[in-house]
Amino acid sequence: MSDPIIKIQNMNKWFGDFQVLKNINLEVEANKKIVVCGPSGSGKSTLIRCINRLEEHQEGDIIVDGNELSEKTKDIEKIRAEVGMVFQQFNLFPHLSILDNCTLAPIWVKKMPKKEAQELALDQLKKVQIDDQANKFPGQLSGGQQQRCAIARALCMQPKIMLFDEPTSALDPEMIKEVLDAMVSLAKGGMTMIVVTHEMGFAKEVADEVIFMDEGMIIEKAETKEFFASPKSDRTKLFLSQIL
Amino acid sequence: MQTINFLKPNRDNIKNYSIIGSFLVLVSLIDVISNAFLKINLTSFLPGSLSTLFPLIIGLIGLNMMRIDYSGNKTLDLLNKNINTNNFNALLTLLILFSIIKALPQSLSWMILDATISGDSKDACTGTGACWTYIKVWFRRFMYGMYPNEFHWRINTAFILVIALGFVGYFMKENLKKYLALYYVIIYPVIAYLVIYYLISGGSFGLQWVETGAWGGLSLTFIVSFFCLIFCFPLGMIFALGRRSNLPVIKYISICYIEFWRGVPLITVLFMSSVMFPMFLPEDFFMDKLVRVIIAITLFEAAYCAEVIRGGLQSLPRGQYDAAKSLGMGYWKMHIFVILPQALKLVIPGIANTFLALVKDTPLIFVVGLAELAGMLALAKTNPKWLGFAMEGYIFASIIFWIICYAMSKYSYNLEAKYKTER
């Protein structure tokens with residue numbers, strides 16, 4: 001068994017008095033695909049936001065690619081550069097064109113020459129099939145196209161890990177498929193992925209493991225087939241019966 | 001109410017109604033115009049007060065006859081939607097229109113028809129109208145203050161140079177574009193300062209020294225506004241970011257700074273800068289009065305800029321910060337490439353507001369003995385040879401200030417349109 005690329009031990013997090021994450025233990029090996037599901041407010045998003053320290057945890061350890069995340073972490077930017085993230089609301093930069101959205105971070109964070117960054121960006125945009133929109137602005141694209149651009153933007157940093165925070169929840173049903181297709185082909189390419197989603201079809205297709213969370217706790221963690229075939233806890237069964 | 005309903009048009013007869021209606025409005029206008037310009041009372045056959053109210057009544061009936069929800073005629077619909085929505089609005093429309101017409105002949109004859117512009121002393125002004133001779137004679141003073149006449153070319157040259165240097169950004173080569181901000185924030189102000197120092201102050205290169213006390217008029221307005229504008233904006237930006245900082249020291253310094261400067265009146269700040277400030281300095285340390293005034297106004301307005309910019313920063317969704325951070329950008333990269341470009345675009349109207357206020361605050365430097373345009377007026381109107389022409393002077397100054405401010409606000413609209421992107 002290889003060393004886990006993400007290791008979370010006894011992690012607790014509070015928002016003020018309210019404990020959002022309770023005693024989280026999680027290990028993710030390289031190239032594995034994890035799907036996190038659960039009812040809203042269960043702390044799924046907070047958990048993956050902790051992995052690139054968009055949220056700070058108060059107790060326990062989070063180790064990402066050998067670097068421990070804590071207040072002492074000096075070059076958090078370096079770790080974030082290796083962890084790509086895709087958001088529910090896309091969060092493209094509206095004042096930049098699609099191409100500039102993708103090249104901004106490679107040029108200024110990775111110090112990549114402009115030409116090389118543009119080639120890389122066009123390459124990534126081609127993979128998600130929006131290279132013909134490269135010179136448009138985010139506001140001119142549909143939600144599905146924007147989300148695919150957001151995936152390409154994250155991939156342009158050539159991350160080791162990709163985090164997806166409900167990437168299809170803000171999309172029209174028709175557009176969900178195009179985004180999921182992009183994610184499936186990314187998964188087949190061998191990327192390490194942690195995906196918060198309600199798309200159980202996606203989970204069945206690509207996930208190695210599924211995690212079910214409720215009330216800030218990991219209730220169940222199992223291999224995909226086992227998770228859907230024979231869930232252990234009653235809470236998981238109830239959840240699955242409601243959404244399947 | 002019967003009669004009014006009787007005057008109500010419907011879609012079938014609107015054509016006839018609108019013709020009759022507009023004829024009635026036309027009659028009321030002709031009555032008022034002939035009354036105002038030709039001093040003829042067309043309705044003198046009517047008893048006293050009715051004669052005065054006649055155009056109003058006729059006009060109201062006319063507008064009432066034209067009022068319909070939707071006619072299909074573009075002009076008529078536009079008229080009905082904007083100034084003729086109900087009887088009260090129709091009344092207001094007529095009253096405003098009539099007041100303007102009534103006021104026109106007097107102001108026209110005072111400003112143009114009866115005005116004097118020939119001659120070069122007060123004696124030329126014998127008419128009842130305005131004395132533009134006064135403006136003509138004092139024009140150079142209003143523009144250049146007490147600056148010696150034979151050196152006015154130095155001010156003109158300096159201004160042309162500074163303006164030309166301001167356009168450098170438009171002609172910069174593509175590969176130098178990334179230094180644009182550096183140029184405008186640091187290099188340009190320094191060059192502008194040097195140009196103004198060596199050309200207008202003089203003292204070297206064979207140019208005679210002219211002390212800043214002699215500077216004045218519109219050129220001084222420009223100099224003070226120019227330096228205050230270009231310095232207060234970056235300073236305000238720093239304090240806006242500082243106020244949102246996570247570091248308590250920086251945050252509280254920024255809050256104290258902003259609240260201090262917003263809490264004191266500009267006039268006391270100016271007074272302090274010229275009277276109190278030198279007392280705290282070492283004896284041999286000399287700082288020119290004009291420089292002190294510019295620093296004082298800059299610090300003052302920076303606090304206002306900071307709050308305006310902070311408003312823009314706060315209006316950005318948190319997702320923008322998250323996205324920038326998740327791409328590995330640090331604080332400065334995130335702000336320079338993602339946050340500030342969006343926030344500054346949003347605050348263009350607010351910043352334009354602050355800048356306009358700044359330009360119109362410059363006359364306050366009169367309290368420390370610097371006479372820019374409005375200050376020169378105050379001096380000129382107390383000149384014994386030219387007593388009694390304050391009105392002409394203030395109208396002149398208002399027009400100049402209005403032109404400057406209108407140009408600035410037009411420019412800000414252009415910027416808004418230029419940087420508008422869809423969300």
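Here are a few things to note about the model shown:
- Qualifying residue in the stretch B:60-82 (condition: without any contact (Cβ under 8 Å) to a residue 40 or more places away in the chain, closer than 17 Å to residue B:18 by Cβ and of a type in the set (Asp, Glu)): yes
- Selection count where residues are without any contact (Cβ under 8 Å) to a residue 40 or more places away in the chain and more than 27 Å from residue A:237 (Cα to Cα), scope the stretch A:5-42: 3
- Members of the stretch A:105-128 that are facing chain B (nearest Cβ under 7 Å) and under 12 Å from residue A:155 (Cα atoms): A:105
- Count - residues of the stretch A:129-165 that are buried (at least 21 other Cβ atoms within 10 Å of the Cβ) and within 14 Å of chain B (Cβ to nearest Cβ): 19
- Among the residues of the stretch B:387-423, the ones that are within 14 Å of chain A (Cβ to nearest Cβ) and not in a helix (DSSP H, G or I) come to 5 in all.
- Residue count for the stretch A:79-91 under the criterion of being within 7 Å of chain B (Cβ to nearest Cβ) and either among the β-branched types (Val, Ile, Thr) or out of contact with any helix residue (DSSP H, G or I) (no Cβ under 8 Å at 6 or more places or on another chain) (or both): the result is 0.
- Selection over the stretch A:59-87 of residues that are in a strand (DSSP E or B) and either within 17 Å of the chain's Cα centre (by Cα) or not acidic (Asp, Glu) (or both) gives a count of 9.
- Qualifying residues in the stretch A:46-57 (those that are away from chain B (no Cβ under 11 Å) and outside any loop (DSSP other than H, G, I, E, B)) - the one surrounded by the most Cβ atoms within 10 Å (Cβ to Cβ): A:47
A quick yes/no check of all residues on (1) part of a helix (DSSP H, G or I); (2) modelled with pLDDT under 90:
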position	(1), (2)
B:261	yes, no
B:272	yes, yes
B:286	no, yes
B:297	yes, no
B:311	yes, no
B:323	yes, no
B:345	yes, yes
B:353	yes, no
B:365	yes, yes
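- Number of positions in the stretch B:332-372 that are free of Cβ contacts under 8 Å to residues at least 24 places away in the same chain, in contact with a helix residue (DSSP H, G or I) (Cβ under 9 Å, 6 or more places away or on another chain) and closer than 14 Å to residue B:313 by Cα: 4
- Residue B:245 of a type in the set (Ser, Thr, Tyr), surrounded by fewer than 18 Cβ atoms within 10 Å (Cβ to Cβ) and either more than 23 Å from the chain's Cα centre (by Cα) or within 14 Å of chain A (Cβ to nearest Cβ) (or both): yes
- Selected residue [part of a helix (DSSP H, G or I), closer than 20 Å to residue A:99 by Cα and without any contact (Cβ under 8 Å) to a residue 24 or more places away in the chain] from A:116, A:205: A:116
- Scanning the stretch B:296-331 for residues that are buried (at least 19 other Cβ atoms within 10 Å of the Cβ) and of a type in the set (Lys, Arg), we see that the one that is farthest from the other protein chains (Cβ to nearest Cβ) is B:310.
- Residue under evaluation residue A:126, criteria (1) closer than 15 Å to residue A:148 by Cβ; (2) surrounded by 19 or more Cβ atoms within 10 Å (Cβ to Cβ), criterion not met: (2)
- Filtered residue count, the stretch A:92-104, keeping only those that are at the interface with chain B (Cβ under 9 Å from one of its Cβ atoms), under 18 Å from the mean Cα position of the chain (by Cα) and part of a helix (DSSP H, G or I): 0
- Residue within the stretch B:126-142 that is loosely packed, with under 12 Cβ neighbours inside 10 Å, at pLDDT below 80 and not in a helix (DSSP H, G or I) present: yes
- Within the stretch A:152-181, tally of residues that are over 17 Å from residue A:200 (Cα atoms), in a helix (DSSP H, G or I) and touching a Gly at 6+ places or on another chain (Cβ under 8 Å): 2
- The residues in the stretch A:208-234 that are in a loop (DSSP other than H, G, I, E, B) and among the small types (Gly, Ala, Ser) can be counted, and the count is 3.
The values are calculated or read from the model by the stated rules, or taken from the named source; none is laboratory data. The structure displayed is predicted, hence computed values, not measured ones. So basically every Cβ, Gly included, is an ideal-geometry build from the backbone, and we count neighbours across all protein chains shown.
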